[in-house]
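I have placed the structure first, in the form of structure tokens, so that the comments after it can refer back to it.
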Amino acid sequence: MASDINYQDGPDLSRRDVSPVEDEPNHSPASLQQTEYERIGGRTGSSFFQTIIHLLKGNIGTGLLGLPLAVKNAGLLVGPLSLLAMGIVAIHCMNLLVKCAHHLSIRLGVCFLAFRRVVNLFLNITQLGFCCVYFVFLSDNIKQVVETANGTTGNCHNNETAVNVPSYDSRLYMLFFLPFIIVLVFIRNLKYLAPLSFVANIAMCVSLVLIYYYCLTNIPYPINLPLAGRAVDYPLFFGTAIFAFEGIGVVLPLENKMQNPRNFPTVLYLGMGIVTTLYITLGTIGYIGFGEHIRGSITLNLPLCWLYQTVKLLYSFGIYITYALQFYVSAEILIPPAVARCGPRWTLMVDLGIRVALVALTCALAILIPELDLVISLVGSVSSSALALIIPPLLQIITFHNEDMKLWEMVKNIAISLIGFVGFVAGTYISIQEIVARNSSRHNSTYLNVG
């Protein structure tokens, strides 16, 4: 059964031979643009409120829970200010992406196919990277719940349990989740996931409220934390922070599905304003609350009582369902071309086979890098920086360079892309360096224990 939501839909920028409004009479550019907006969205599209909810859902995931550690890497003052700056730039780049897409499809009717392939490449890396992070998040949180279950009490004022029973390695937990996630991605129509997605949203919202409550009611005094972190750790902050802005892959689909896409800039600024506020506040109070002991996900620092153990389980359920939604983006890019090359009798088998292979790939990569904070930083540095910072400004330059683009706009776009590129290189290098160092430490520890 084909999915009724296509992440590649909206203005088809890949078709050179067909005008985007070939069935409409020839109008002036203004009326042509209005006609196209009506055709893309239409009366059956998403409402203003629904689009905001989808935008919030697309940006609130594991990245949000990793921001307290990111603030630690940048410092109590530098971290929040940097998050604010990155939020402003990320929102600006999302808006650029929408403008360029409509300019190319409505006024020109063409696009740069090579550029689209580059975008799809990084989009696939990003979405599958998110899925790798979800495997690590699930294994770390469920492992902690299982190992502390015997000593978990109703007392949430003490962050220790009487008994901590070691269980299996976190990588074995990933293998345990593998078949359940495979079954989940076999649901090829998102409308059948809608009820589960709604429950997952409620679970994650309740979890976030309880996390905020604990952090706000347990702020230590005096606060004695560094205002600026070490320069060598700032690339890790960059990777984690840009990973958190994980909703850029759904910006165009959401805009295209609106009943009135002209209202999308308002949705974008309002929704991402809320998201950026959440990022800054949770990152700051989470770091203040747990200080130097903050971990890759703030859930791992919560008290080991039943209330907050339930928070971990609820958020884990939400991430489990979100896996299918993030996976859907890559599936819609990779599977249709492969299915088109085979006969009708093989269509279903090829479709399901690719899904199994992609899930197995994300699980294998997560097993290779079972460090939640580092895999978040690596994915953010490698792919999210390209999608969120590097590509949109370059796309605007390529799209509008023949249309009297102002010099300051050109300089601004080049500066944003350069910042993204520096973050890409530095973040990737430091993340890989830390991964190698931790793996060496893990192997040495294992060798000593065996010896």
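Count the net charge of all other residues whose Cβ sits under 14 Å from the Cβ of residue 375, scoring Lys and Arg as +1 and Asp and Glu as -1. Write out the running numbers ahead of the final one.
Values: positive: 171, 295, 438; negative: 140, 246, 371, 373, 434.
Spelling it out: positives minus negatives among the neighbours equals -2.
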Cut-off under 5 Å, modelled amide H: who pairs with residue 46 long-range: 258, 259
Residue 414 - accessible surface, heavy atoms, 1.4 Å probe, Å² rounded to 10: 80
Accessible-area order (highest first, 1.4 angstrom probe) of the listed residues 103, 54, 293: 293, 54, 103
Computed magnitude of the charge dipole of the range 308-451 (debye, nearest 20; Cβ of K, R +1, Cβ of D, E -1): 380
Alpha carbon convex hull of the range 259-400, projected area averaged over orientations, nm²: 13.8
Area accessible to solvent at residue 205, 1.4 Å probe radius, in Å²: 80
Carbon plus sulfur fraction of accessible area for the range 324-396, probe 1.4 Å, in percent: 75
Pairs beyond 28 Å (Cα-Cα), from 72/312; 57/312; 99/406; 72/143; 257/312: 257/312
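Could I get the Rg over Rh figure for the range 376-445? Both from C-alpha atoms, Rh via Kirkwood, rounded to two places.
1.25
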At most 13 other Cβ within 10 Å, DSSP loop - chymotrypsin sites (Phe, Trp or Tyr not before Pro), the range 185-281: 186
Spherically averaged projected area in nm², based on the convex hull that wraps the Cα atoms of the range 114-256: 13.9
The range 176-329: translational diffusion in µm²/s, Stokes-Einstein, Kirkwood Rh over Cα pairs, 25 °C, 0.890 mPa s: 136
Among 380, 392, 340 the positive-end extreme of the charge dipole of the range 295-412 (Cβ point charges): 340
Additional length obtainable on full extension of the chain from residue 189 to residue 274, 0.36 nm per residue less Cα span: 27.7 nm
Rg to Rh, two decimals, where the range 290-354 supplies the alpha carbon set and Rh follows Kirkwood: 1.30
Rounded to the nearest 10 Å², the accessible area of residue 434 at probe 1.4 Å: 60
Exposure ranking of 410, 174 by accessible area [1.4 Å probe, largest first]: 410, 174
1.4 Å probe accessible area per residue over the range 290-366, in Å²: 40
Solvent-accessible area, 1.4 Å probe, carbon plus sulfur percent, for the range 220-291: 65
Integer Hz, Karplus 6.51/-1.76/1.60 couplings in order for the range 319-326, x for Gly and Pro: 5, 4, 5, 5, 3, 5, 5, 5
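The values are calculated or read from the model by the stated rules, or taken from the named source; none is laboratory data. Just so you know, these numbers come straight off a predicted model, no measurement behind them. Quick reminder, even Gly has a Cβ in these numbers, built from the backbone with ideal geometry, and neighbours come from all protein chains shown. Remember, those area values only see protein heavy atoms, side chains included, never the ligands or the DNA or RNA. Shrake-Rupley method; radii C 1.70, N 1.55, O 1.52, S 1.80 Å.
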